[in-house]
Structure formats: C-alpha cells, structure tokens
Amino acid sequence: MINKLSERQESILIFIKDFLDEHSYPPTVRDIQTGCSISSTSVVDYNLRILQRDGYLKRETEVSRGIELLGSNKPKVQNLITVPILSNIAAGEPLPVNTQENWNNENTETLDLPSFLVNGKENVFGVRVKGQSMMDAFITDGDLVLLEPVQNAANGEMVAAWIQDNQEVTLKHFYLENGIVRLQPANPNMDPIYVPADKVSVQGRVVGVIRSVN
C-alpha cells in the first residue's frame with residue numbers, strides 16, 4: 001500500500017467493497033464501468049491492474065468475477081467454498097482433462113466462490129471451456145463451468161462425458177437412446193456425437209457457469 005490512490009482508483013475500490021457487502025460476490029469489469037461511470041472497460045482494467053500491483057486486490061483475470069480484496073479492504077464474506085479448477089474441457093471436439101484422483105494435488109489451481117453459485121452441491125469442480133459447441137446454452141470459449149461429480153444423468157442434462165475409446169472428455173447435453181448415448185451440442189452448425197452406452201461415462205453434471213471477461 002505504498003502509492004497514493006487516484007480519485008478514480010479510490011472510487012473503484014469503494015464500489016467493489018460496497019458491491020461485495022450487498023451481493024457477497026465480486027462485481028464484473030462491466031459492473032465497475034457502469035457503477036463508477038467510466039468510459040470503457042479498458043480503463044477499468046488499467047486501474048484494476050494498478051490496484052493489484054499495489055496490493056489492494058487480487059484478480060483471476062480469466063473469469064468475470066475474479067476480484068478479491070486484500071488486507072484491510074477485505075470484507076467479511078461468509079459461505080465461501082474452494083473449488084479445484086481442472087485443465088480444460090471441450091465444447092467442440094473432445095479434449096483430455098485431469099482425473100478426479102488428482103484433484104487434491106498441491107499444484108491444482110483453486111478458486112474461492114460464494115456457495116450459492118453451486119446451488120448447495122458438494123465436491124464441485126471447475127473446468128475451463130474450449131470451443132463454441134455449447135454457445136446456444138450461453139457457454140462459450142473461456143467460460144468456467146462448475147460441475148457436480150456424478151455418474152448418472154437424466155436425458156437433456158448438460159454433462160462432462162468421458163469417451164472411452166478416445167480417452168477424452170467433452171461437454172454436451174446427454175441423451176440415452178436404445179443403448180446409444182447421444183452427446184448433443186448446443187450449436188446448430190455442429191453434429192452430435194454418438195457413442196455406445198458402454199463406451200461412455202458421465203463424470204460431472206453442470207451446476208453453474210462463470211462467464212469469461214472476453
């Protein structure tokens with residue numbers, strides 16, 4: 001806390017603190033732009049970088065609400081949970097992700113989130129989305145998807161599905177039809193993936209999404 005804050009930086013810091021007090025989760029860059037009457041999100045981002053450099057806050061830049069206040073600025077926010085963030089999951093073609101036995105690895109990235117974001121589910125994990133096949137479900141490249149670890153899913157649910165022959169996981173809507181699993185994208189320009197039921201397993205069911213800032 002060495003450098004004196006500018007008037008704009010002070011207003012941003014106050015807005016973040018007030019927003020956290022009211023909502024118990026951090027604002028997006030767009031929220032800050034609107035709330036502080038700033039001309040563009042790039043100006044917000046510039047000032048957030050300065051606030052982070054000087055130790056006022058910490059940012060998870062790849063998610064839209066990844067702002068954490070530090071030190072005396074940090075509010076008392078209750079009911080936070082720590083979510084392990086695994087590598088990536090494809091919303092296009094299948095893509096390998098880490099397996100559950102590695103979740104507690106000391107090198108695993110984690111993110112503290114308000115518990116309401118996971119709807120009371122336990123052992124939730126997150127994966128970053130690659131691709132655009134779930135765009136009509138409002139999930140796009142760079143978003144962070146929160147999943148509940150389950151082994152079964154109802155038709156129509158959005159899941160992380162392990163395709164045995166490819167040794168890969170993909171994010172799709174799940175349908176079991178006459179012994180065949182249809183993994184349906186939410187993009188009319190992409191075809192579903194058909195896999196024999198004994199060659200696919202559900203690894204997680206989507207319980208929440210954190211939008212990318214991009």
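General observations
- For segment 24-37, a residue qualifies if it is buried (at least 18 other Cβ atoms within 10 Å of the Cβ) and in contact (Cβ under 8 Å) with a residue 60 or more places away in the chain, and the qualifying residues are T28, V29.
- Close pairs from segment 38-60: first part of a helix (DSSP H, G or I), partner among the hydroxyl-bearing types (S, T, Y) and surrounded by fewer than 16 Cβ atoms within 10 Å (Cβ to Cβ), Cβ under 8 Å, at least 6 apart: N47/S6
- Residue that is nearest to L113 (Cα to Cα) [pool: residues in segment 15-74 that are of a type in the set (F, W, Y) and modelled with pLDDT under 90]: Y25
- Residue tally, condition of a type outside the set (D, E), in contact with a Phe, Trp or Tyr (Cβ under 8 Å, 6 or more places away or on another chain) and outside any loop (DSSP other than H, G, I, E, B), over segment 22-37: 2
- Index of the failed condition, L111 passing every other in (1) surrounded by fewer than 17 Cβ atoms within 10 Å (Cβ to Cβ); (2) modelled with pLDDT under 85; (3) not charged (D, E, K, R): (1)
- Boolean, D136 is outside any loop (DSSP other than H, G, I, E, B) and either farther than 18 Å from N187 by Cβ or not β-branched (V, I, T) (or both): yes
The values are calculated or read from the model by the stated rules, or taken from the named source; none is laboratory data. This one's a predicted model, so the numbers in the text were calculated from it and none came from an experiment. A quick note on method: Cβ atoms are made from the backbone with ideal geometry, for glycine too, and the neighbour counts reach across all protein chains shown.
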